[in-house]
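The values are calculated or read from the model by the stated rules, or taken from the named source; none is laboratory data. In this text the structure is predicted, and so the values were computed from the model without any measurement. In this analysis, Cβ positions are derived from the backbone assuming ideal geometry, glycine residues included, and neighbour counts consider all displayed protein chains. Surface accessibility is based on the protein's heavy atoms, side chains included, excluding ligands, DNA and RNA. Shrake-Rupley method; radii C 1.70, N 1.55, O 1.52, S 1.80 Å.
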Amino acid sequence: MLRKGPMIDAHRVTLAAPDDFDGWRDAARDLAEAGVPPGAILWQVTGGDAELFGSESEQPRAASFPVPRAFVELAKSAICHSNPERFALLYALLWRLRTDRHAMGDSADPLIHRLERLAKEVRRDIHKMHAFVRFRELDEEEGTRFVAFFEPEHHIVRAASGFFARRFTNMRWSILTPELSIHWDGETLTEGPGAVRADAPSGDPVEATWRTYYSSIFNPARLKVGAMLKEMPKKYWRNMPETSLVQPLIATARGRELEMIARSARKEGLENEIEAERSVEPPSNLRAAWEALLKEARGCTRCHLYTCGTQTVFGEGPLDAKILFVGEQPGDQEDLAGRPFVGPAGQLFDEALQKAGIDRSQTYVTNAVKHFKFVQRGKRRIHSKPDAGEIDACRWWLEHERELIRPPLTVALGVTAARSLIGKAVTIGKVRGAPLALADGSECWVTVHPSFLLRIPEEDRRQAERKRFVDDLKRIRERSEKLAT
Ligand code: URA
């Protein structure tokens with residue numbers, strides 16, 4: 001379907017929607033080229049239904065006068081403002097650009113200043129929508145739908161929706177707003193009419209869900225708790241049981257800040273900066289933050305695996321551990337005990353650690369996936385490998401564990417752990433024996449999973465592989481000692 005173009009009647013332009021940038025651009029270009037001055041145009045928005053989502057826009061026509069990219073960016077944001085003068089103000093600037101290519105350069109100019117303010121308010125409103133939307137779960141015939149109600153100040157719903165589609169790709173969700181509603185079915189965004197608060201289900205927000213993106217938009221480098229709370233207007237607080245979240249966010253903010261620093265230091269070849277930053281004291285509320293995280297993880301419903309196992313098996317160990325081990329997922333015994341690596345693979349792991357001179361009680365041990373996935377065969381529960389979606393869904397917990405503990409060395413035991421840490425599939429043979437750099441500047445070492453060693457039938461090979469595993473662990477211990485000096 002092609003986008004409906006703007007209706008130009010003499011010099012009255014009727015746009016299809018309050019945020020119809022394409023319509024405004026087409027009309028503005030035609031009018032500017034025809035020499036119609038700003039004062040002669042009346043801009044309005046149709047009262048009828050406007051379906052802009054999922055519509056294909058015609059290719060923008062080439063303008064006979066060039067328009068700087070900065071203008072397009074400014075216009076795309078400012079057009080979403082609720083100020084009725086925005087179309088005319090933008091046209092006034094375009095009119096200037098027609099004869100003065102550098103008209104955008106003077107940010108002290110009152111017109112530019114005003115438009116920039118509108119654009120900034122729009123960006124802020126989008127940020128608030130990303131941060132403060134709260135979904136509630138609704139059972140429908142087709143399955144679960146997550147529904148939220150939100151009242152933006154400006155016409156930002158379309159502009160803000162891509163974020164939710166990217167973040168919640170695998171969920172069916174709807175965001176209802178007074179102006180329009182948007183719906184995601186896993187593949188496409190569609191629009192519906194506006195709604196009132198009562199149209200959305202009430203009850204508890206889906207905590208794990210909103211926490212995911214609330215914390216993902218949280219910018220650690222700008223962490224000011226007072227300001228953060230002030231930024232959250234009271235009307236949004238109504239829907240938010242946030243208080244328990246603030247603590248882990250603050251604690252994990254440091255980890256994220258480190259990631260940012262590491263990224264830019266690496267870019268500029270300042271590797272030493274990374275270590276200097278990493279040695280800064282951990283936050284004092286570390287234990288409370290970890291406990292808050294554990295509490296949340298116990299109620300995790302981020303993927304369907306919570307319906308399989310007995311309980312969430314979270315990581316354990318000192319929070320100042322210098323080595324963090326990551327396994328695949330809890331097995332039958334771990335699921336019952338609620339602790340990682342306590343079954344047969346755990347015993348082999350303990351023996352190998354001992355031979356390598358590593359004290360397990362000084363390390364943090366966790367898994368890439370926190371629930372036991374299995375198929376029932378008679379009375380036996382047979383381990384079943386987690387798939388990519390399950391690993392990705394559970395990565396959130398592992399990242400938070402790592403952000404709190406900030407281990408200089410993280411060890412992936414097997415391919416599932418490596419995939420979770422590195423973000424892509426790796427071949428153990430290719431990456432074994434040398435560290436890989438993680439985003440926060442720390443090292444990731446990859447070795448085999450202890451269960452692999454349990455499954456080797458031939459005695460000779462089994463012994464050889466166990467020795468290789470111990471050798472890997474020895475190298476990891478030596479590296480850890482070196483990093484500590
Ligand atoms: N295998 C794992 O990967 N983790 C455990 O905790 C137990 C077995």
Q) Accessible surface of LEU473 in the full protein assembly, 1.4 angstrom probe, to the nearest 10 Å²? A) 0
Q. Hey, with R₀ at 41 Å, roughly what FRET efficiency would HIS127 and GLU481 work out to, going by the Cβ-Cβ distance, to 0.05?
A. 0.40
Q. For region 301-484, treating each Cα as an identical point scatterer without solvent, what Debye log10 I(q)/I(0) comes out at q = 0.12, 0.17 1/Å?
A. -0.52, -1.09
Q) Among 395-401, 374-380, 22-28, 83-89, what's the highest-first ranking by average C-beta atoms within 10 angstrom per residue? A) 22-28, 395-401, 83-89, 374-380
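Please compute the length gained on full extension between THR301 and GLU153, using 0.36 nm multiplied by the number of residues separating them and subtracting their Cα-Cα distance.
Using 0.36 nm per residue and subtracting the Cα-Cα distance, I get 50.1 nm.
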Q | Ordering of 298-306, 173-181 by burial proxy (mean other Cβ atoms within 10 Å per residue, highest first) | A | 173-181, 298-306
**Q.** Computed label-point distance, nm, for sites ARG12 and GLU73 using a 7 Å Cα→Cβ extension
**A.** 3.7
Q) What nm distance separates the two modelled labels at GLN44 and GLN354, each placed 7 Å from Cα along Cα→Cβ? A) 8.5
Q | Cβ-Cβ FRET estimate between THR190 and GLN463, R0 fixed at 51 Å, reported to 0.05 | A | 0.25
Q) For GLU137 and ILE456, FRET efficiency with R0 = 45 Å and r from the beta-carbon atoms, rounded to 0.05? A) 0.50
Q.
Using Stokes-Einstein with the Kirkwood hydrodynamic radius over Cα pairs, what translational diffusion coefficient do you get for region 133-199 at 10 °C and a viscosity of 1.306 mPa s, in µm²/s rounded to a whole number?
A. 133
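So which of LYS295/LYS370; LYS385/LYS474; LYS430/LYS467 end up more than 20 Å apart by C-alpha?
As for pairs spanning more than 20 Å Cα to Cα, those are LYS385/LYS474.
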**Q.** Ranking by accessible area, most exposed first, for MET104, MET7 with a 1.4 Å probe
**A.** MET7, MET104
